[in-house]
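This report concerns only the one structure given below.
The values are calculated or read from the model by the stated rules, or taken from the named source; none is laboratory data. Just so it is clear, the model here is predicted, and its values are computed rather than measured. Every residue, glycine among them, receives a Cβ derived from its backbone with ideal geometry; neighbour counts consider all protein chains shown. Heads up: the accessible areas ignore ligands, DNA and RNA and are worked out on the full protein's heavy atoms, side chains in. Shrake-Rupley method; radii C 1.70, N 1.55, O 1.52, S 1.80 Å.
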Amino acid sequence: MAQSITLLGLESSCDDTAAAVVRRGADGHAEVLSNIVVGQNDLHKAFGGVVPEIAARAHAEKIDLCVEQALAAADVPLTDIDAIAVTAGPGLIGGVMSGVMCAKGLSAATGKPLIGVNHLAGHALTPRLTGELNYPYLMLLVSGGHCQFLIARGPNDFSRIGGTIDDAPGEAFDKTARLLGLAQPGGPAVQAEAEQGDSKRFKFPRPMLDRAGCDMSFSGLKTAVLRARNETMQKNTIRRQDVRDLCAGFQAAVVDVLIEKTRRAMTLYLDENPAKPALAVAGGVAANTAIRAGLESVTNELDVQFTAPPLALCTDNAAMIAYAGLELFEAGRRNGMDLSARPRWPLDTSSAPMLGSGKKGAKA
């Protein structure tokens, strides 16, 4: 008879310190028993973005406390954990090291298996945690630092068929918010303003729609917002409605690009004749309701299942790391004390790097 498996997950790749407990029951159903996330917005807001040194220090101070809270909230003692999963990359190296070192300490003290998880795989597998989703499925991973179309065939088997060649959508949202004097993180701030704006007032470009394939570019779109803002300003000030219209136009352009590129990616995916075709979207930008609605319209056209995690599981969290670790654990993954923190770690290592590479490895 199958037995339940319980994993502790740790996440510290950027500016959220997190720990969670996830269990797969004997019936095969996975459940989030606890999910603790401690954000750092107050620490970074004065700088207009995440400061790696400040983030690393905060992770080191909070990660063990998050573990205690996660175990207490799940009502599961550490001795009942079957394995410990931790984000081993990619991410800000100081933060990743904080999580890896904590996980190693827990593993050494308890004798529990250690599993290093790719942060991107955590996002990519989250739809399987929250919904019925069979391999293979098409995955749109869209976040602050990444934007990729992946065909997910297993917990460690991803094929990239397209992605951004420069700024990720989340980065473009953050930069746009900064240009317009909005709060960080920029995604929620821009969406809130866009909901009260006129998306047709400004004629922003839809980058790379004139090129074949599924690759994307958002850097030029951010520059177009800057130009429009400067043309709109009077005496170095800008009206609130102008900000709303700029946000609405920018967001509409991002949505249009993602819709068209998703349609193309879906065509390539469907050529493989999956038994139960599905599109899943995850990552922080997947919390944007306009983007979700646009992607769902594509799946409705093609009669394909659409899956998106709850908004709380789209941003960085440890439940996704625990679940990804659970799938890897079931597949036989075990890491030793030589597990290293990696600032770069592409999911698809067989494809050529999209953003170049160097001594630290391929960026994406």
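The residues of the range 315-329 that are part of a helix (DSSP H, G or I) and touching a strand residue (DSSP E or B) at 6+ places or on another chain (Cβ under 7 Å), listed by number, are Ala319, Ile321, Ala322, Tyr323, Ala324, Gly325, Leu326, Leu328, Phe329. In the range 1-60, the residue that is surrounded by the most Cβ atoms within 10 Å (Cβ to Cβ) out of those that are among the charged types (D, E, K, R) and assigned to a helix (DSSP H, G or I) is Arg57. Among the residues of the range 128-138, those that are within 17 Å of Glu327 (Cα to Cα), touching a helix residue (DSSP H, G or I) at 6+ places or on another chain (Cβ under 9 Å) and not basic (Lys, Arg) comprise Leu129, Thr130, Leu133, Asn134, Tyr135, Pro136, Tyr137. Of the set (1) free of Cβ contacts under 8 Å to residues at least 40 places away in the same chain; (2) open to solvent by less than 10 Å² (accessible area, probe 1.4 Å), all apply to Pro77 but (2). Leu246 satisfies every condition listed in (1) within 23 Å of the chain's Cα centre (by Cα); (2) aliphatic (A, V, I, L, M); (3) surrounded by 22 or more Cβ atoms within 10 Å (Cβ to Cβ) except (1).
To keep it simple, each residue is scored yes or no on (1) free of Cβ contacts under 8 Å to residues at least 12 places away in the same chain; (2) closer than 15 Å to Leu138 by Cβ; (3) under 21 Å from the mean Cα position of the chain (by Cα); (4) in a loop (DSSP other than H, G, I, E, B).
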position: Glu272; (1), (2), (3), (4): no, yes, no, yes
position: Arg333; (1), (2), (3), (4): no, no, no, yes
position: Pro346; (1), (2), (3), (4): no, no, yes, yes
position: Thr349; (1), (2), (3), (4): no, no, yes, yes
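With the requirement that a residue be under 23 Å from Glu193 (Cα atoms) and open to solvent by less than 10 Å² (accessible area, probe 1.4 Å), what does the range 256-270 give you? Of everything in the range 256-270, those that are under 23 Å from Glu193 (Cα atoms) and open to solvent by less than 10 Å² (accessible area, probe 1.4 Å) turn out to be Val257, Leu258. Would you mind stating whether Glu171 is of a type in the set (Asp, Glu), within 28 Å of Asp16 (Cβ to Cβ) and either assigned to a helix (DSSP H, G or I) or touching a Lys or Arg at 6+ places or on another chain (Cβ under 9 Å) (or both)? So Glu171 fits the description; yes.
Listed here are the residues, each with its yes/no results for (1) hydroxyl-bearing (Ser, Thr, Tyr); (2) under 22 Å from Arg292 (Cβ atoms); (3) assigned to a helix (DSSP H, G or I); (4) without any contact (Cβ under 8 Å) to a residue 60 or more places away in the chain.
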position	(1), (2), (3), (4)
Gly99	no, no, yes, no
Ala103	no, no, yes, no
Ala108	no, no, yes, no
Val117	no, no, no, no
His123	no, yes, yes, no
Arg128	no, yes, yes, no
Tyr135	yes, no, no, yes
Met139	no, yes, no, no
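Annotation: Asp157 fulfils all but one of (1) open to solvent by 10 Å² or more (accessible area, probe 1.4 Å); (2) at pLDDT 95 or above; (3) in contact with a helix residue (DSSP H, G or I) (Cβ under 8 Å, 6 or more places away or on another chain); the unmet one is (3). Can you spot a residue in the range 277-291 that is more than 21 Å from the chain's Cα centre (by Cα) and either modelled with pLDDT under 95 or open to solvent by 40 Å² or more (accessible area, probe 1.4 Å) (or both)? Scanning the range 277-291 turns up no residue that is more than 21 Å from the chain's Cα centre (by Cα) and either modelled with pLDDT under 95 or open to solvent by 40 Å² or more (accessible area, probe 1.4 Å) (or both).
Listed here are the residues, each with its yes/no results for (1) within 17 Å of Gly197 (Cβ to Cβ); (2) touching a strand residue (DSSP E or B) at 6+ places or on another chain (Cβ under 7 Å); (3) charged (D, E, K, R).
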| site | (1), (2), (3) |
| --- | --- |
| Arg227 | no, no, yes |
| Gln234 | no, no, no |
| Thr237 | no, no, no |
| Gly249 | yes, no, no |
| Glu272 | no, no, yes |
| Ala293 | yes, no, no |
| Ser297 | no, no, no |
| Asn300 | no, no, no |
| Phe306 | no, yes, no |
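From the set of residues in the range 166-183 that are open to solvent by 30 Å² or more (accessible area, probe 1.4 Å) and under 17 Å from the mean Cα position of the chain (by Cα), which is nearest to Ala228 (Cα to Cα)? Restricting to residues being open to solvent by 30 Å² or more (accessible area, probe 1.4 Å) and under 17 Å from the mean Cα position of the chain (by Cα), the top hit is Asp174.
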